[in-house]
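Bear in mind these aren't lab numbers, they're just calculated from the coordinates by the rules spelled out. If you're wondering where the values come from, they're calculated on a predicted model, not measured in any experiment. Positions of Cβ are backbone-derived with ideal geometry, glycine not excepted, and every protein chain shown enters the neighbour counts.
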Amino acid sequence: MSAIPQERRVVTAIPGPKSQEIQARRAATVAAGVGSTLPVFAARAEGGILEDVDGNRFIDLGSGIAVTTVGASAEAVVRRASAQLADFTHTCFMVTPYEGYVAVAEQLAALTPGDHAKKSALFNSGAEAVENAVKIARSYTKRQAVVVFDHGYHGRTNLTMALTAKNMPYKEGFGPFAPEVYRVPVAYAYRWPTGPENAGPEAAAQAIDQITKQIGAHNVAAVIIEPVLGEGGFIEPAKGFLPALRQFATENGIVFVADEIQSGFCRTGQWFACEDEGIVPDLITTAKGIAGGLPLSAVTGRAEIMDAAHSGGLGGTYGGNPVACAAALGAIQTMKELDLNAKAKRIEEIMKGRLVALQEKYEVIGDVRGRGGMIAAEFVKPGGKEPNSEITAAIAKACHAAGVLVLTCGTYGNVVRFLPPLVIGEDLLDDALDVFEQALAASV
């Protein structure tokens, strides 16, 4: 039985008086560049509910941006992390190692695609994982160029800003960026000029042609792609695109990196989204859902590639922190015991059923897409496909006021994304979708 009742409750204006009081303190001491989607201050969270300091309970359709996949404060995560806290909080794996790090690497070797020998290195954030994947690929191939894709997002460090496609808010005013990064088209089916049925083969041909002519395949260390593009709008590359890029990488000695930071760990109804088309990446980056809310990330891949970097070349003071490793083992245990892949598929069934029905009723919903618990609706202006960021923002604001936490995304800021904890009750999901429908109806 949940300590927090699993039901939506709005008892004050949003934000309430206590949140407004803390917000005033925040404005005086927290850098303005750190934004927040919803200016309420969390007090407790569990299952599919987030409770703020004023006692309002929000249905959580964001999961802290795909992090609390197993729910906030999942029992196995709390129990294992608490036990580790009591033993020791830190030694630095590079100074005196500990078993938890090894156990997480073993789980990653078992769960990630492919039956080849695999090794892992652990870090703190998704951006760190991507940056280290580039270091490893360059060390292995002795090449420098890195290929990324339109609408891709890979982080906020200097190198990962260069890899990220969208300027605002991620890159504006922060350059110059790291060199030897090249961007090519992605198979965005809904917006492909010759129609969705052509997007896969045509986008792959264009991307490969640009790589070959503008960079030279023999100069490319790595191709990095999200199997479902997250911040760019929950774009599923059209069928055939990823296999064509995977084959091209194999034929040209290029390290194929699947960035599964947002899409991994049961989020799409499979352990990893690249499994949908049978893609076996050379390296896979993970974070977010890996540790139930504690900071942990990983690069996992072919043993011979992972071993290319010299001893001491990979690491970091907090990388693979023992408490975070304990939490990860608890999160993975929960995913297996509750069969969260099956739960993700059930969430997709419910959400797509409702959203497609709304799409047929409201012209402003141009596309409904995604897999598992990673679903999105793209909003357009009536009569075409012009992005409609205004209605997107209005719907999100109305949902927030009614006690449903939703997030927006997309290169054009016109996508509402749904990332519920995979343990969410179906009654909560239905209630949240009712609120979304009401917000949509009031906004058109």
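Side notes on the structure shown:
- Annotation for the range 101-183: trypsin sites (Lys or Arg not before Pro) lying in DSSP loop with at most 10 further Cβ atoms inside 10 Å of their Cβ are 142.
- Checked against a 27 Å cut-off, the cross-linked pairs 171/352; 118/166; 118/336; 118/288; 135/213 give Cα-Cα distances beyond that limit for 171/352; 118/166.
- Think of the range 1-75 as a dipole: +1 on every Lys or Arg Cβ, -1 on every Asp or Glu Cβ, centred on the Cα centre; then among 62, 74, 41, 41 lies furthest on the positive end.
- Charged side chains reduced to their Cβ positions (Lys and Arg at +1, Asp and Glu at -1) give the range 224-276 a dipole of some 100 debye around its Cα centre.
- Taking θ as phi - 60° and the Karplus parameters 6.51, -1.76 and 1.60, the scalar couplings of the range 244-251 work out to 5, 5, 4, 5, 4, 4, 4, 5 Hz in sequence order, x denoting glycine and proline.
- Summarising the amide proton neighbourhood of residue 45: residues at separation of 5 or more, or on other chains, whose placed amide H is nearer than 5 Å comprise 51.
- This model, with +1 at the C-beta of Lys and Arg and -1 at the C-beta of Asp and Glu, gives the range 75-337 a dipole about its Cα centre of some 460 debye.
- Positive dipole terminus of the range 140-258, leading residue within 175, 215, 232 (C-beta point charges): 175
- When +1 charges are put on Lys and Arg Cβ atoms and -1 charges on Asp and Glu Cβ atoms, the dipole computed for the range 323-444 relative to its Cα centre reaches about 340 debye.
- For the chain, the relative contact order works out to 22 percent when only alpha carbon pairs closer than 8 Å and six or more residues apart are counted.
- Helical mean residue ellipticity (222 nm; -39500 (n - 2.57) per DSSP H run of 4+; nearest 500) of the chain: -11500 deg cm²/dmol
- Residue-count net charge about residue 287 - beta-carbon cut-off 10 Å; Lys, Arg +1, Asp, Glu -1: -2
- Available extension along the chain between residue 23 and residue 214 is 63.8 nm, counting 0.36 nm per residue and deducting the alpha carbon span.
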